[in-house]
Amino acid sequence: MIVTLENNQTEIAIPEELEETLKKAMDIVARKENLTDNTEVDITIVNNEEIHTLNRDYRGIDRPTDVLSFALDEGDEEPEVEDGEAEHLLGDVIISAPRAVEQGEEFGHGLTREMTYLAVHGMLHLLGYDHMEEADKRVMRAREEEILRELDLAEEKYGG
């Protein structure tokens, strides 16, 4: 899996260990979802102002949120070919660092678990998972926790 990680905010320090955990989480998703090595996802960490703008402009919701997913590979375009293999450009996951801090404190599990959860959640949205219906929500939550468990970040570790 090709993971590009950009930290486009300066309010919250993002430790190198957290960056590595995010990349490991994406690799676990890729393995569990049978994605090719040429599948690419971009994770961008932003501030509340930036995610608010994106949420308003693309979803019509005029407030900040914790994570947004933007699918890039909808199957309509020719894939990029690199070294004879087509790249699968899955999309972008945008995470608000301030919201991750707030929610990590609120839920009592800290920044690493919260930001990793948000990255996994966003990635699963790119793969077609959803949580609008209760049955779909149960499936998505179970998959998220299965992935986080491999990183020792599952909810049960934090009393959830």
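The values are calculated or read from the model by the stated rules, or taken from the named source; none is laboratory data. Predicted model only: the values in this text are computed from it and were never measured. Heads up, the Cβs are rebuilt from the backbone with ideal geometry, glycines too, and the neighbour counts pull from every protein chain shown. Ligands, DNA and RNA are stripped out before the accessible areas are found, and what is left, the full protein with its side chains, is counted by its heavy atoms. Shrake-Rupley method; radii C 1.70, N 1.55, O 1.52, S 1.80 Å.
Restricting the range 105-114 to residues that are at negative phi and either surrounded by fewer than 16 Cβ atoms within 10 Å (Cβ to Cβ) or charged (D, E, K, R) (or both), which is nearest to the chain's Cα centre (by Cα)?
Initial filter on the range 105-114 (at negative phi): 105-107, 109, 111-114.
Okay, now just the ones that are also either surrounded by fewer than 16 Cβ atoms within 10 Å (Cβ to Cβ) or charged (D, E, K, R) (or both), so 105-107, 113-114.
Numbers: GLU105: 19, GLU106: 19, PHE107: 18, ARG113: 12, GLU114: 10 Å.
Filtering the range 105-114 for residues that are at negative phi and either surrounded by fewer than 16 Cβ atoms within 10 Å (Cβ to Cβ) or charged (D, E, K, R) (or both), the one nearest to the chain's Cα centre (by Cα) comes out as GLU114.
Residues in the range 113-135 that are over 22 Å from ASP92 (Cβ atoms) and either touching an Asp or Glu at 6+ places or on another chain (Cβ under 6 Å) or not in a helix (DSSP H, G or I) (or both): GLU133 only.
Restricting to the range 139-160, name every residue that is open to solvent by less than 80 Å² (accessible area, probe 1.4 Å) and either assigned to a helix (DSSP H, G or I) or in contact with a His (Cβ under 6 Å, 6 or more places away or on another chain) (or both). Before you say what the answer is, go through the steps one by one.
Our first condition is that a residue be open to solvent by less than 80 Å² (accessible area, probe 1.4 Å); within the range 139-160, this holds for 140-148, 151, 153-155, 158-160.
Of everything in the range 139-160, those that are open to solvent by less than 80 Å² (accessible area, probe 1.4 Å) and either assigned to a helix (DSSP H, G or I) or in contact with a His (Cβ under 6 Å, 6 or more places away or on another chain) (or both) turn out to be MET140, ARG141, ALA142, ARG143, GLU144, GLU145, GLU146, ILE147, LEU148, GLU155, TYR158.
For the range 12-35, the count of residues that are surrounded by 14 or more Cβ atoms within 10 Å (Cβ to Cβ) and either touching a Gly at 6+ places or on another chain (Cβ under 9 Å) or in a strand (DSSP E or B) (or both) is zero. If the condition is being out of contact with any strand residue (DSSP E or B) (no Cβ under 7 Å at 6 or more places or on another chain), among the hydroxyl-bearing types (Ser, Thr, Tyr) and open to solvent by less than 60 Å² (accessible area, probe 1.4 Å), then the range 36-60 contributes only THR53. Within the range 45-59, the presence of a residue that is of a type in the set (Asp, Glu), at pLDDT 95 or above and touching an Asp or Glu at 6+ places or on another chain (Cβ under 8 Å) is excluded.
Could you go through the range 131-138 and let me know if any residue there is in contact with a strand residue (DSSP E or B) (Cβ under 9 Å, 6 or more places away or on another chain) and open to solvent by 50 Å² or more (accessible area, probe 1.4 Å).
Initially, the range 131-138 is screened for residues in contact with a strand residue (DSSP E or B) (Cβ under 9 Å, 6 or more places away or on another chain), giving none.
No, there is no match, as no residue in the range 131-138 is in contact with a strand residue (DSSP E or B) (Cβ under 9 Å, 6 or more places away or on another chain) and open to solvent by 50 Å² or more (accessible area, probe 1.4 Å).
Summed over the range 3-38, the residues that are at pLDDT below 95 and of a type in the set (Val, Ile, Thr) give a count of 1. Taking the criterion of being among the small types (Gly, Ala, Ser) and over 18 Å from GLU19 (Cβ atoms), the residues of the range 97-141 that qualify are GLY108, GLY128, ALA135.
Going residue by residue through the range 115-124, is there one that turns out to be open to solvent by 50 Å² or more (accessible area, probe 1.4 Å) and hydroxyl-bearing (Ser, Thr, Tyr)?
Filtering the range 115-124 for residues open to solvent by 50 Å² or more (accessible area, probe 1.4 Å) gives none.
Checking the range 115-124: not a single residue is open to solvent by 50 Å² or more (accessible area, probe 1.4 Å) and hydroxyl-bearing (Ser, Thr, Tyr).
Pairs linking a residue in the range 137-153 that is over 17 Å from ARG31 (Cα atoms) to a residue that is of a type in the set (Ser, Thr, Tyr), with Cβ atoms under 6 Å and 6 or more positions apart or on different chains, are LEU153/THR116.
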